[in-house]
Amino acid sequence: MSSQNTTARAENSSVNTNSKIKKCPGKDTFQRMNYLYQACNATATENAASNSASILYSNLLVAISKKAVQRLDIDLKRTLCKGCRSLLLAGVNCKVRIKKKRSIWICTNCSTSKVFDLRNPDYQPWPQQAESLVEVIDYKND
(Lines give C-alpha, C1' and ligand atoms only; values in the text may rest on other atoms or scores of the structure.)
Protein backbone atom coordinates (compact mmCIF):
# COMPACT_ATOMS: atom_id res chain seq x y z
CA MET A 1 0.00 0.00 0.00
CA SER A 2 2.85 2.38 0.70
CA SER A 3 4.32 1.72 -2.77
CA GLN A 4 1.04 2.88 -4.33
CA ASN A 5 1.14 6.11 -2.32
CA THR A 6 4.72 6.85 -3.39
CA THR A 7 3.89 6.28 -7.07
CA ALA A 8 0.83 8.51 -6.75
CA ARG A 9 2.96 11.22 -5.14
CA ALA A 10 5.56 10.88 -7.89
CA GLU A 11 2.87 11.27 -10.54
CA ASN A 12 1.45 14.36 -8.78
CA SER A 13 4.88 15.96 -8.48
CA SER A 14 5.61 15.37 -12.17
CA VAL A 15 2.32 17.01 -13.08
CA ASN A 16 3.18 20.03 -10.93
CA THR A 17 6.65 20.46 -12.46
CA ASN A 18 5.45 20.06 -16.06
CA SER A 19 2.68 22.62 -15.75
CA LYS A 20 4.60 25.52 -14.25
CA ILE A 21 2.37 28.55 -14.43
CA LYS A 22 4.23 31.82 -14.53
CA LYS A 23 2.65 34.26 -12.14
CA CYS A 24 2.79 38.00 -12.38
CA PRO A 25 4.59 39.37 -9.32
CA GLY A 26 2.66 42.65 -9.13
CA LYS A 27 -0.81 41.60 -10.20
CA ASP A 28 -2.50 42.98 -7.08
CA THR A 29 -0.83 46.39 -7.48
CA PHE A 30 -1.76 46.51 -11.16
CA GLN A 31 -5.37 45.78 -10.24
CA ARG A 32 -5.32 48.43 -7.52
CA MET A 33 -3.80 51.02 -9.87
CA ASN A 34 -6.40 50.17 -12.52
CA TYR A 35 -9.23 50.58 -9.99
CA LEU A 36 -7.85 53.92 -8.78
CA TYR A 37 -7.59 55.24 -12.33
CA GLN A 38 -11.18 54.20 -13.05
CA ALA A 39 -12.34 55.86 -9.81
CA CYS A 40 -10.37 59.00 -10.70
CA ASN A 41 -11.98 59.10 -14.14
CA ALA A 42 -15.48 58.49 -12.75
CA THR A 43 -15.23 61.22 -10.10
CA ALA A 44 -13.69 63.71 -12.54
CA THR A 45 -16.47 63.23 -15.10
CA GLU A 46 -19.29 63.34 -12.51
CA ASN A 47 -19.02 66.98 -11.50
CA ALA A 48 -16.45 69.71 -10.97
CA ALA A 49 -17.00 69.72 -7.17
CA SER A 50 -15.48 66.22 -6.88
CA ASN A 51 -12.19 67.33 -8.42
CA SER A 52 -10.44 67.00 -5.05
CA ALA A 53 -11.48 63.33 -4.84
CA SER A 54 -10.16 62.77 -8.35
CA ILE A 55 -6.83 64.36 -7.41
CA LEU A 56 -6.66 62.18 -4.28
CA TYR A 57 -7.16 59.01 -6.34
CA SER A 58 -4.52 60.04 -8.88
CA ASN A 59 -2.05 60.88 -6.07
CA LEU A 60 -2.64 57.40 -4.62
CA LEU A 61 -2.17 55.91 -8.07
CA VAL A 62 1.22 57.57 -8.57
CA ALA A 63 2.33 56.75 -5.01
CA ILE A 64 1.45 53.07 -5.44
CA SER A 65 3.29 52.85 -8.75
CA LYS A 66 6.40 54.41 -7.18
CA LYS A 67 6.24 52.19 -4.10
CA ALA A 68 5.83 49.02 -6.18
CA VAL A 69 8.43 50.21 -8.74
CA GLN A 70 5.99 49.65 -11.59
CA ARG A 71 5.77 52.11 -14.44
CA LEU A 72 2.50 53.69 -15.46
CA ASP A 73 1.39 53.20 -19.05
CA ILE A 74 2.26 56.12 -21.33
CA ASP A 75 -1.37 56.74 -22.27
CA LEU A 76 -2.27 56.92 -18.60
CA LYS A 77 0.64 59.27 -17.83
CA ARG A 78 -0.43 61.61 -20.62
CA THR A 79 -3.83 62.10 -19.01
CA LEU A 80 -2.43 63.17 -15.62
CA CYS A 81 -1.26 66.73 -14.91
CA LYS A 82 2.36 66.92 -13.78
CA GLY A 83 1.67 69.87 -11.49
CA CYS A 84 -1.44 69.00 -9.50
CA ARG A 85 -1.92 65.38 -10.70
CA SER A 86 -5.52 65.96 -11.69
CA LEU A 87 -7.01 63.97 -14.55
CA LEU A 88 -6.85 66.07 -17.73
CA LEU A 89 -10.17 66.00 -19.55
CA ALA A 90 -10.41 68.26 -22.59
CA GLY A 91 -13.03 70.95 -22.06
CA VAL A 92 -13.69 69.96 -18.45
CA ASN A 93 -10.56 70.88 -16.52
CA CYS A 94 -8.01 71.61 -19.25
CA LYS A 95 -7.72 73.66 -22.41
CA VAL A 96 -6.39 72.09 -25.58
CA ARG A 97 -4.72 74.33 -28.13
CA ILE A 98 -3.08 73.38 -31.40
CA LYS A 99 -0.27 75.75 -32.39
CA LYS A 100 2.45 75.17 -34.97
CA LYS A 101 1.67 71.47 -35.30
CA ARG A 102 1.84 70.94 -31.55
CA SER A 103 -0.94 69.99 -29.18
CA ILE A 104 -0.77 71.99 -25.96
CA TRP A 105 -2.80 70.79 -22.97
CA ILE A 106 -3.11 73.47 -20.25
CA CYS A 107 -4.48 72.47 -16.83
CA THR A 108 -7.03 74.98 -15.53
CA ASN A 109 -6.22 74.17 -11.88
CA CYS A 110 -2.49 74.88 -11.83
CA SER A 111 -1.76 76.28 -15.35
CA THR A 112 0.80 73.56 -16.07
CA SER A 113 1.07 72.74 -19.76
CA LYS A 114 1.92 69.56 -21.63
CA VAL A 115 3.14 69.78 -25.22
CA PHE A 116 2.76 66.92 -27.71
CA ASP A 117 4.36 67.10 -31.14
CA LEU A 118 2.01 66.44 -34.07
CA ARG A 119 4.51 66.83 -36.93
CA ASN A 120 5.15 63.13 -37.50
CA PRO A 121 1.83 61.24 -37.65
CA ASP A 122 3.62 57.86 -37.70
CA TYR A 123 5.53 58.53 -34.47
CA GLN A 124 5.03 56.08 -31.64
CA PRO A 125 6.75 56.32 -28.26
CA TRP A 126 9.12 53.48 -27.41
CA PRO A 127 6.74 51.64 -25.00
CA GLN A 128 4.14 51.39 -27.79
CA GLN A 129 6.52 49.98 -30.41
CA ALA A 130 6.65 46.28 -31.18
CA GLU A 131 10.39 46.03 -30.43
CA SER A 132 9.87 47.07 -26.82
CA LEU A 133 7.54 44.15 -26.08
CA VAL A 134 9.38 41.36 -24.28
CA GLU A 135 6.62 39.21 -22.84
CA VAL A 136 2.83 39.19 -22.61
CA ILE A 137 1.33 37.96 -19.35
CA ASP A 138 -2.31 36.90 -19.37
CA TYR A 139 -4.01 37.86 -16.11
CA LYS A 140 -7.17 35.86 -16.78
CA ASN A 141 -5.48 32.53 -16.09
CA ASP A 142 -4.21 33.50 -12.62
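Going through R71, R78, R97 one at a time, which residue ends up being under 22 Å from Q38 (Cα atoms), at pLDDT 85 or above and in contact with a strand residue (DSSP E or B) (Cβ under 9 Å, 6 or more places away or on another chain)?
R78
Between a residue in the range 21-50 that is modelled with pLDDT under 85 and any residue that is of a type outside the set (D, E) and not in a loop (DSSP other than H, G, I, E, B), which pairs come within a Cβ distance under 6 Å, given they are 6 or more apart or on different chains? Partner pairs satisfying both residue conditions: S50/T43. E135 falls short on exactly one of the conditions (1) closer than 19 Å to G26 by Cα; (2) in contact with a Ser or Thr (Cβ under 8 Å, 6 or more places away or on another chain), and that condition is (2). Against the definition (touching a helix residue (DSSP H, G or I) at 6+ places or on another chain (Cβ under 9 Å), basic (K, R) and within 27 Å of N59 (Cβ to Cβ)), how does R97 come out, yes or no? So R97 does not fit the description; no. Screening the range 24-78 for residues that are aromatic (F, W, Y) and more than 23 Å from K114 (Cα to Cα) and picking the one that is farthest from the chain's Cα centre (by Cα) gives Y35.
Just so you know, in the range 72-94 the residues that are part of a loop (DSSP other than H, G, I, E, B) and in contact (Cβ under 8 Å) with a residue 40 or more places away in the chain include one that is surrounded by the most Cβ atoms within 10 Å (Cβ to Cβ), and it is S86.
Residues of the range 82-96 include at least one that is out of contact with any Ser or Thr (no Cβ under 8 Å at 6 or more places or on another chain) and at positive phi.
Take the conditions closer than 30 Å to E135 by Cβ, modelled with pLDDT under 90 and not in a helix (DSSP H, G or I) and apply them to N109. Does it pass? No; evaluated as a whole, the condition is false for this residue.
The values are calculated or read from the model by the stated rules, or taken from the named source; none is laboratory data. Nothing here was measured: the structure is a model prediction, and the numbers come from that model. Using ideal geometry, Cβ is built from the backbone for each residue, glycine included, and neighbour counts are taken over all protein chains shown.
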